Amino acid sequence: MALIVQKYGGTSVGSVERILAVAEKVKSWHDRGNQVVVVVSAMSGETNRLIELAREINPDPSPREMDVLLSTGEQVTIALLAMALHRLGVDARSYTGGQVHIRTDSAHSKARIMEIDGTRVRADLEAGRVVVVAGFQGVDENGAITTLGRGGSDTTAVAMAAALKADECQIYTDVDGVYTTDPRVEPKARRLARITFEEMLEMASSGSKVLQIRSVEFAGKYNVPLRVLSSFEEGEGTLITLDEDDDVEQAKISGIAFSRDEAKLTIRGVPDHPGVAYQILGPIGEANIEVDMIVQNIGKDDTTDFTFTVHRNDLPRAEEILRNIAGKLGAREVETDGEIAKIALVGVGMRSHAGIASAMFKALAEKNINIQMISTSEIKISVIVEEIYLELAVRTLHEAFGLDKDR
Ligand code: ADP
Ligand code: ASP
Ligand code: MG
């Protein structure tokens, strides 16, 4: 007998038929003697629909009320799934995040899970029930409903698995595992049988939305065995593992991640003296805007040019702040670009292979794709390119590094 936490994403519970199919799947795991906790997302499209509704009522809704609203999506699916399980004769109970004490901080719309009290869930499991938990939500210490950020049901599932010391956390979705890149962009992408936490974290941080970043952080930290699988077909999926396999020759590159959610800001002709970087980025940070890549160049006549990227949603606010700073610092000009994309090559094998960066730049150059910014870490190289070249760049690199070939 094993304790399994399963998570079903929006598409997997997107219709009545699909919820009934999920119930069948859960039943078969339960019938085989496993204890099963199921975490579900809202039906596909529902969270976006609710966001739109809120905007129609008030263009700047209160974060607290926004979370009250968005959490309803998951409350619908837990009840429907519990009913579907009852119809199959399975004893099941649904719970909201608050009801199973998923305690978070108070950062509405991006709350972090602080602790989970698993007492109630354990009691139900002991009584032979399937427990259905709403993903993406919790409560803060004042009892206010919080949500965990887009894609947050993954994190609910991993956190439940950690709290209950589950034998495995299974993330069921609309692809049958983690691929070398998003199969929607490169149909020749291949499923990876395994990927390390470290690589998965870089893939997620660079834009692969197959798992929410925090779920991977959590799984790594608490060593939760994590697997990504298809809701619709049988298969082994992808296992996220702790170590690189020493026996197998490590592929240089495991995958390519990308993100369109990027925007670039440049401030030119800033008088160069100690503290300018802080003077520019300090106010951006204070406005809670996350900065990703940064480049500083020596310009002419003791001035410097400074370029950085932010999430595209933050561009208008960042631009306003930067123009203000430019005035104060006596900078020459501010330029912004909301049509860029980031592409990242990820692989632990990079550590022991030189020349990956130059091979990457060569492949892009051969397709005449201009690289605007570059950043590297031990197991990742990211570049910024014009957004219209994103797909071409991803496919080019996929082929250049042989990711479409059997390994
Ligand atoms: P869910 O609603 O089940 O949480 P998501 O849409 O959040 O599903 O995540 C699954 C999607 O992630 C896939 O449909 C796929 O387009 C996308 N994706 C991006 N990168 C990858 C990758 N490397 N491997 C697999 N899927 C990926
Ligand atoms: N329903 C939420 C979203 O659409 C959470 C999730 O699906 O994981 O982002
Ligand atoms: Mg998701």
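The values are calculated or read from the model by the stated rules, or taken from the named source; none is laboratory data. Please read these numbers as outputs of a predicted model, since none were measured by experiment. Virtual Cβ from ideal backbone geometry, glycine too; neighbours counted across all protein chains shown. Keep in mind that these areas ignore ligands, DNA and RNA; they rest on the heavy atoms of the full protein, side chains included. Shrake-Rupley method; radii C 1.70, N 1.55, O 1.52, S 1.80 Å.
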Query raised in the report: Which peptide among 11-24, 55-68, 194-207 comes first, and what is the full order, when sorted by highest mean count of other Cβ atoms within 10 Å?
Result: 194-207, 11-24, 55-68
Query raised in the report: Among 146, 181, 361, which residue has its Cα positioned farthest towards the positive end of the charge dipole of the chain, with +1 placed on the Cβ of Lys and Arg, -1 on the Cβ of Asp and Glu, and the dipole taken about the Cα centre?
Result: 146
Report task. Starting from one equal scatterer on each C-alpha and no solvent at all, send me the Debye-based log10 I(q)/I(0) for the stretch 60-181 at q = 0.13, 0.15, 0.23 Å⁻¹, two decimals. Result -> -0.54, -0.71, -1.36
Requested in this report: Go through the stretch 346-396 and name the GluC sites (Glu not before Pro) that are in a DSSP coil and have 12 or fewer other Cβ atoms within 10 Å of their Cβ.
Outcome: 378
Query raised in the report: Given +1 on the Cβ of Lys and Arg, -1 on the Cβ of Asp and Glu, and no further charges, what dipole in debye does the stretch 228-311 carry about its Cα centre, rounded to the nearest 20?
Result: 840 debye
Report task. Report the calculated FRET efficiency for residue 404 and residue 260 (r = Cβ-Cβ distance, R0 = 22 Å), to the nearest 0.05. Result -> 0.45
Report task. Please sort through the DSSP H helices of the chain and keep those with an alpha-carbon extent of at least 18 Å along the long axis and a Kyte-Doolittle average not below 0.0. Result -> 63-87
Query raised in the report: Can you list the lysines whose alpha carbon is less than 23 Å from that of residue 252, not counting same-chain residues fewer than 8 positions off?
Result: 188, 209, 342, 362, 367, 380, 405
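Computing the accessible area with a 1.4 Å probe over protein heavy atoms, can you report the carbon and sulfur percentage for the chain?
The C+S portion of the solvent-accessible surface of the chain is 48 percent.
Work out how much length residue 386 to residue 291 would gain on full extension: take 0.36 nm times their residue separation and subtract the Cα-Cα distance, in nm to one decimal.
Additional length available on full extension: 32.3 nm.
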Query raised in the report: Binning every alpha carbon pair distance of the stretch 319-367 at 10 Å from zero, what are the percents per bin?
Result: 18, 28, 18, 27, 9
Query raised in the report: For residue 209 and residue 298, what is the calculated FRET efficiency with R₀ set at 45 Å and r taken between the beta-carbons, to the nearest 0.05?
Result: 0.75
**Report entry** Per-q log10 I(q)/I(0), the stretch 115-159, q = 0.25, 0.26, 0.27, 0.31 Å⁻¹ (Debye; single scatterer per alpha-carbon; no solvent)
**Finding:** -0.98, -1.01, -1.04, -1.12
Query - Alpha carbon centroid spacing (whole Å) that separates the stretch 187-247 from the stretch 81-107 - result: 25 Å
Report summary line: Cα extents of the stretch 330-393 per principal axis, largest first, Å, are 45, 29, 15
Query raised in the report: Using the heavy atoms of the protein chains alone and a 1.4 angstrom probe, what is the accessible area of the chain per residue in square angstrom?
Result: 47 Å²
Query - Total charge dipole magnitude, the stretch 257-365, about the Cα centre, Cβ charges on Lys, Arg, Asp, Glu only, Debye to nearest 20 - result: 340 debye
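Given C-alpha coordinates of the chain, what is the ratio Rg to Rh with the Kirkwood estimate of Rh?
Computed over Cα atoms, the ratio is 1.01.
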**Report entry** Value of relative contact order over the chain, rounded to a whole percent, pairs C-alpha under 8 Å and six or more apart
**Finding:** 13 percent
Report summary line: Only helices counted: for the chain, with every DSSP H run of 4 or more residues adding -39500 (n - 2.57) and the sum spread over all residues, [θ] at 222 nm is -10500 deg cm²/dmol
Requested in this report: Return the Cα extents of the stretch 1-129 along principal axes one, two and three, sorted largest first, each rounded to a whole Å.
Outcome: 50, 33, 16
**Report entry** Listed peptides 327-335, 153-161, 133-141 by packing density, highest first (mean Cβ within 10 Å)
**Finding:** 153-161, 133-141, 327-335
